[in-house]
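Let me begin by presenting the structure, written as structure tokens, before commenting on it.
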Amino acid sequence: MPGPIRHLYFHIPFCPKLCPYCCFYVEVGSKNRTTAFLDALLRDVEFAIAEYEVRPETIYFGGGTPSALTTAQLDYLFTGLRARLDLRDLVEWDLEANPATIREEKAHLLCTAGVTRLSLGVQSWDDALLATLGRTHDATQAERTYELLRSAGFTNLNVDLMFAVPGQTLAQWEATLEKTIALRPEHVSCYCLTYEEDTDYFRKLLGGTFVQNDERDAQLFETTMDTLTAAAFAHYEISNYAQPGRESRHNLAYWQGRDYLRFGPSAFSTVGLRRWKAVPDTAEYVRRIGIGESVTAFEEILTPAQRRGEMAAFGMRMAGGLPLTELAPWRTELEEFRELGFVEEWDAHLRLTRRGKLMADAVAETFV
Ligand SMILES: C[S@@+](CC[C@H](N)C(=O)[O-])C[C@H]1O[C@@H](n2cnc3c(N)ncnc32)[C@H](O)[C@@H]1O
Ligand code: SF4
């Protein structure tokens, strides 16, 4: 008998404005549709708890931009969830925020309502690059929001940054890292910009307006590792750095292959070997829930080998790597990576070397 589901994710698919590089399932929010959507989410939770034992240790509100919900909407959603869920075991409650969407009242509500960890989408502390990224905030506003969150009582803040942005220089990236370190967040996520299909950025790459430079991107990645580890952040996953004990519990659970339920359009859930995805259309999600119809658009039963492969792909992105015993099915391929200097043995584990961290995606592909 499987144990209770311990990890919940809520996809809030609304943003004030769509960023030209983003491929998450999002739309520009409107007040009327949002209320119906929140009711649908709460109803979806009721369906889930009728089917599974749910005792969350972590809850993550991602998007999209959950912080773009109004204070009243957030209050409504949180009150609804508290009424439906058994939160006795909850240790982490995350919420993703765009710096342009938080004022004092909202910061206060988030903190008093029980959100324990806030992830702030700063991306850069350079106004020119923020403009290139089409962000709705500048660096001053992002810093003001960061300080506002601290004053509201948040003791666990993550700053999201992006590197390999078109036109970004090494000096600009170093300045962004130094500025971040000076603020002392508990966690920093540094994502290498990905040109996702069907985005403006992708079209500009194809058209030659933007040019990729792998050498520069590798240099930016190495600078990230050196600068943040020198400032006592542990590089615990390829894109993630944390002060001791401040790793994201929710993301760790996901990377360690724990069961999780996700709610909202386009969200996919995994329980045991069953994986399913909700319909990627907010209006359709709301409509189906309203008439008690399943929102599942796609479902599959993974083979044990597929699931092991996925977990190995995530596990190898972690600093400690994986026990050698778990990697036996891929011994031949991994031996090649060892000879290339991408992986090394350490305490009966196999982990990425510094060089290997630059090739993490290629190594991960071995497993899936
Ligand atoms: C779903 S967003 C949540 C935060 C919020 N919506 C915002 O943008 O401020 C999570 C993070 O993913 C990263 N991200 C989004 N699109 C990306 C891309 N194409 N390449 C790399 N990182 C990306 C950004 O750092 C962003 O803060
Ligand atoms: S990056 Fe964040 S704010 Fe921008 S469109 Fe994507 S989810 Fe929305």
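Only one residue of 76, 66, 240 has its Cα farthest out toward the positive end of the dipole of the chain, where Lys and Arg carry +1 and Asp and Glu -1 on Cβ, and that residue is 76. Surface calculation, 1.4 Å probe, protein heavy atoms: residue 138 sits at approximately 70 Å² accessible. Summing +1 for each Lys or Arg and -1 for each Asp or Glu among the other residues whose beta-carbon sits under 13 angstrom from that of residue 108 gives 0. Once backbone amide H atoms are built at 1.01 Å from N, residue 54 has 5 as its partners under 5 Å, excluding neighbours fewer than 5 places away on the same chain. Across 251, 213, 158, mean-square fluctuation computed from a Gaussian network of the chain (C-alpha pairs under 10 Å connected) peaks at 213. The local environment of residue 149, defined by Cβ-Cβ distances under 14 Å, has a net charge of -2 under the rule Lys, Arg +1 and Asp, Glu -1. Charged neighbours of residue 345, selected by a Cβ distance under 14 Å, balance to -2 (K, R count +1; D, E count -1).
Of the residues 265, 358, 41, the one whose Cα sits farthest toward the positive end of the charge dipole of the chain, with +1 on the Cβ of Lys and Arg and -1 on the Cβ of Asp and Glu, is 41. Given the options 208, 134, 341, state which has the largest fluctuation in a GNM of the chain using a 10 Å cut-off (strictly under) for Cα springs. Top of the fluctuation ranking is 208. In a simple Cβ point-charge model (Lys, Arg +1; Asp, Glu -1; nothing else charged), the chain has a dipole of about 840 debye relative to its Cα centre. Only Cα sites of the stretch 247-368 enter the Debye sum here, all with the same form factor; the resulting log10 I(q)/I(0) across q = 0.21 1/Å is -1.12, listed in q order. All C-alpha to C-alpha distances of the chain, sorted into 20 Å bins beginning at zero, yield P(r) values of 27, 60, 13 percent in whole numbers.
In this simple spin-label approximation, residue 151 and residue 104 carry label points 7 Å from Cα along the Cα→Cβ vector, and these lie 0.7 nm apart. For residue 357, the solvent-accessible surface computed with a 1.4 Å probe is close to 50 Å², ligands and nucleic acids excluded.
For the chain, the fraction of 1.4 Å probe accessible surface lying on carbon and sulfur atoms is 52 percent. Surface exposure of the chain, expressed per residue as accessible area with a 1.4 Å probe, stands at 45 Å².
For the stretch 5-108, what is the relative contact order in percent, using Cα pairs closer than 8 Å and at least 6 residues apart in sequence?
36 percent
Counted over all Cα-Cα pairs of the stretch 145-234, pairs farther apart than 24 Å make up 32 percent.
Residue ranking by accessible heavy-atom surface, 1.4 Å probe, largest first, among 310, 92, 222, 336 comes out as 336, 222, 310, 92.
Taking the Cα centre of the stretch 54-202 as origin and assigning +1 to Lys and Arg Cβ atoms and -1 to Asp and Glu Cβ atoms, the resulting dipole is close to 580 debye. Among 328, 113, 40, the largest mean-square fluctuation in a Gaussian network model of the chain (Cα springs under 10 Å) belongs to 328. With Cα atoms as the point set, the radius of gyration and Dmax of the stretch 82-215 evaluate to 17.0, 53 Å. Distance between the modelled labels on residue 361 and residue 213, one decimal in nanometres: 1.8 nm (7 Å Cα→Cβ projection).
Quick one: putting +1 on the C-beta of Lys and Arg, -1 on the C-beta of Asp and Glu, what dipole do you get for the stretch 239-360 around its Cα centre, in Debye to the nearest 20?
380 debye
Under 1.5 on a/c is rounded, so check that first for the stretch 176-296, then, if it is not, pick prolate when a/b is larger than b/c and oblate when it is not; a ≥ b ≥ c are the square roots of the alpha carbon gyration tensor eigenvalues. Taking the square roots of the gyration eigenvalues as a ≥ b ≥ c, the stretch 176-296 is oblate.
Heavy-atom accessible area for residue 150, with the other protein chains in place and a 1.4 Å probe, reaches approximately 70 Å². Gain on full extension, evaluated as 0.36 nm per residue between residue 79 and residue 28 minus their Cα-Cα distance, stands at 15.9 nm. Segment residue 335..residue 191, full-extension length gain: 49.0 nm, with 0.36 nm per residue of separation and the alpha-carbon distance subtracted. Take the residue pairs 17/204; 17/357; 31/179 and return only those whose Cα atoms are more than 31 Å apart. With Cα atoms farther than 31 Å apart: 17/357; 31/179. Contact order for the chain, expressed relative to its length and based on alpha carbon pairs under 8 Å spaced 6+ residues apart, stands at 15 percent.
The values are calculated or read from the model by the stated rules, or taken from the named source; none is laboratory data. Predicted model only: the values in this text are computed from it and were never measured. Cβ coordinates were reconstructed from backbone atoms using ideal geometry, including for glycine residues, and neighbour counts include every protein chain displayed. Keep in mind that these areas ignore ligands, DNA and RNA; they rest on the heavy atoms of the full protein, side chains included. Shrake-Rupley method; radii C 1.70, N 1.55, O 1.52, S 1.80 Å.
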